[in-house]
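Heads up: the structure comes next, in structure tokens.
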Number of protein chains: 2
Amino acid sequence: MTPKEAAEFLNTHDRYLILTHVRPDGDTIGCAAGLCRALRLAGKQAYVLENPEATSLFTPYLEGLLAPQGYEPETVVAVDMAARGLFPDNAKQYLEWVDLAIDHHPSQEFYAKHTCLDATRAACGELMYEIVQHLGAITPEMGEALYVAVSTDCGCFVYSNTTPATHRVAAALMETGFDPYPVNRRHFRTKSFRRLKIEGMLAAGMELRDGGETALVFLTLDMIAQVGAEERDVEDISSFVGQVAGVKNGVTLRELSPGVCKLSLRTEPGDLNASAVCAILGGGGHAAAAGATVEGTMAQVREAVLEAIEKVRQETGRA
Amino acid sequence: MTPKEAAEFLNTHDRYLILTHVRPDGDTIGCAAGLCRALRLAGKQAYVLENPEATSLFTPYLEGLLAPQGYEPETVVAVDMAARGLFPDNAKQYLEWVDLAIDHHPSQEFYAKHTCLDATRAACGELMYEIVQHLGAITPEMGEALYVAVSTDCGCFVYSNTTPATHRVAAALMETGFDPYPVNRRHFRTKSFRRLKIEGMLAAGMELRDGGETALVFLTLDMIAQVGAEERDVEDISSFVGQVAGVKNGVTLRELSPGVCKLSLRTEPGDLNASAVCAILGGGGHAAAAGATVEGTMAQVREAVLEAIEKVRQETGRA
């Protein structure tokens, strides 16, 4: 379906329930909130299914939109959900009943009756903007929700998925009249005190090798306990090491429990194959980002990782 | 002058020398590089005056564009330079001879024969894009230089100066064909190893007060020495403390020499008046960002700052 056809579909149905994916991010929540408000403005009944994993960073956008107990939908829409495996537990009853999926993932599984997919979009929010444009006016609240969707999925226009179209949608959304700075501050300029402490500890213990091309950081259970960090304080912590100037290979070792460590490896394209390194240690992933869960103390796993990197380097002729 | 008139001026003159401001940033350097290339493409002779303070983050954009010894210009253009006080020493010979100033600062002093000013622009690069459009095609190299100008001046579309027009110019510049991701990575996703160590130390020593609304960080000479940090490693370090979730008042104390500390205070609009606090300590600035240089040890200056904050709070009825 094109965005226009999706809008026509939405105009001719009613009693909507909107689904979001597991480990919900700004794109799925922002799209759900924006679409729900657009449908209501078009005179429809519409709710978002509660997502038990939504954190306080995103739940405010769903205020007043969550489906009440016993709500019986006629039409089910999934947003930013590529695969059946991404349905939260409480959404699994709709696995065989999604009327329309709106998505931007090339890995979309086409589980829905109708699918509106544009894999050239940095965010599902970009596509959703096209769709809700056909439904009517865009209020500031809708604009804000969709701006959150678009901006968070491209790291505020930094990631390589950002296109000219991403910027143009952002411009149009800003013109709906919400105040973008508090949104930007909230999502891109704020860290918890505990997160900063953890990052400080990682920096203090950072190990540079290979003339600065390889960096290792170590996140121990003791550090987590010392800071009183929660899971959200260490979210995406494996991207921390990659910001060091000159580093091509970023290794993050996290102690999951005594004697078990999680390895995350991020590498530059064309340099070290992260997937090959992690395969040696029983894990896997992509060439530029891979991981493995390895038994052993931090020191033992560190040794094993360095050996695996060395082995892959020798095999690929880069000793 | 409108952008179109500025372009006409540029089309009818020749032998250009372009000036950039002291402590050059991405906006002044990117504008100079973009304009210089545009003038050359239009068949003009054009050079940028070397800026002795330009750091390695920006000098690559000026490669091949710097004026040779003894170059005698006919037309002098200043970019992103609001005031006479911002001329670098080697540019002061042109203080009374600027033919055209292109700028976006409301504080523009109108020191030039002609001025093309648009204070609604987030970056001078936005305005420069309008001007060079009238001069002819925009090459990828020009596009990249102007993208650096635009994106760095709005913190990659995060700061409150970002407007829909900023995003639209970014979109148009991306379409000139350069690869934006390495540029974004270089300017917005990279920190030196030493910077990360310094930030780690600041986080470790951070003091939270007033239920987390006030945060203090302490940068000592000892920390600088321990890390081997250079000045560029601590550039804009006073913005570090402001990213802590919930903090309204961010205090950065930096030991300049034994017995002398520099205070930087950032506050939220409507809360504490930073300028009033710093005035008590012999400094000044704006309501939301001010500073002072204070004699005393770090501990003494910390006490003095806390007292000054308390005093301003009591005076404004917020004890």
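The values are calculated or read from the model by the stated rules, or taken from the named source; none is laboratory data. What you see is a predicted model, and the numbers here were worked out from it, not measured in a lab. In this analysis, Cβ positions are derived from the backbone assuming ideal geometry, glycine residues included, and neighbour counts consider all displayed protein chains. Side chains are part of the model used for accessible areas, which takes the heavy atoms of the whole protein and leaves out ligands, DNA and RNA. Shrake-Rupley method; radii C 1.70, N 1.55, O 1.52, S 1.80 Å.
Worth pointing out:
- Any chance A:Arg232 is assigned by TED's automatic domain parsing to the domain that holds A:Ala308, farther than 19 Å from A:Ala292 by Cα and open to solvent by 20 Å² or more (accessible area, probe 1.4 Å): yes
- The residue of segment A:283-308 that is modelled with the lowest pLDDT, among those that are outside any strand (DSSP E or B) and not aliphatic (A, V, I, L, M), is A:His286.
- Only listed residue being open to solvent by less than 60 Å² (accessible area, probe 1.4 Å), closer than 24 Å to A:Asp25 by Cβ, outside the structural domain of A:Glu130 (by TED's automatic domain parsing) and touching a helix residue (DSSP H, G or I) at 6+ places or on another chain (Cβ under 8 Å), chosen from A:Leu146, A:Leu202: A:Leu202
- The helices (runs of 4 or more DSSP H) located wholly in segment A:82-189 include none with 1 or more residues which are away from every other protein chain (no Cβ under 14 Å) and at positive phi.
- Taking the criterion of being under 15 Å from A:Pro24 (Cβ atoms) and either in contact with a Ser or Thr (Cβ under 6 Å, 6 or more places away or on another chain) or open to solvent by 50 Å² or more (accessible area, probe 1.4 Å) (or both), the residues of segment A:87-106 that qualify are A:Asp89, A:Asn90, A:His105.
- Screening A:Val305 with (1) open to solvent by 30 Å² or more (accessible area, probe 1.4 Å); (2) closer than 22 Å to A:Val244 by Cα gives one miss only, at (1).
- Test result for B:Thr297, touching a residue at least 40 places away in the same chain (Cβ under 8 Å), open to solvent by 20 Å² or more (accessible area, probe 1.4 Å) and more than 28 Å from the chain's Cα centre (by Cα): no
- Hits in segment B:260-278 - residues which are open to solvent by 30 Å² or more (accessible area, probe 1.4 Å), farther than 11 Å from B:Ala292 by Cα and touching a Gly at 6+ places or on another chain (Cβ under 8 Å): B:Arg266
- Qualifying residue in segment B:134-157 (condition: farther than 16 Å from B:Gly34 by Cβ, modelled with pLDDT under 95 and among the aliphatic types (A, V, I, L, M)): no
- Residue, farthest from A:Leu196 (Cα to Cα), within segment B:217-241, restricted to residues that are assigned to a strand (DSSP E or B) and in contact with a Gly (Cβ under 8 Å, 6 or more places away or on another chain): B:Phe218
- Segment B:202-225 - residue that is modelled with pLDDT under 95 and out of contact with any strand residue (DSSP E or B) (no Cβ under 9 Å at 6 or more places or on another chain) and, of those, farthest from the other protein chains (Cβ to nearest Cβ): B:Gly211
- No other residue among B:Thr139, B:Thr214, B:Thr166 is in contact (Cβ under 8 Å) with a residue 12 or more places away in the chain, open to solvent by 30 Å² or more (accessible area, probe 1.4 Å) and either of a type in the set (Ser, Thr, Tyr) or within 20 Å of A:Cys154 (Cα to Cα) (or both) apart from B:Thr139.
- Per the conditions (1) surrounded by 21 or more Cβ atoms within 10 Å (Cβ to Cβ); (2) within 19 Å of A:Val150 (Cβ to Cβ), the sole criterion not satisfied by A:Leu57 is (1).
- Filter pass, A:Asp210 being at positive phi and among the charged types (D, E, K, R): yes
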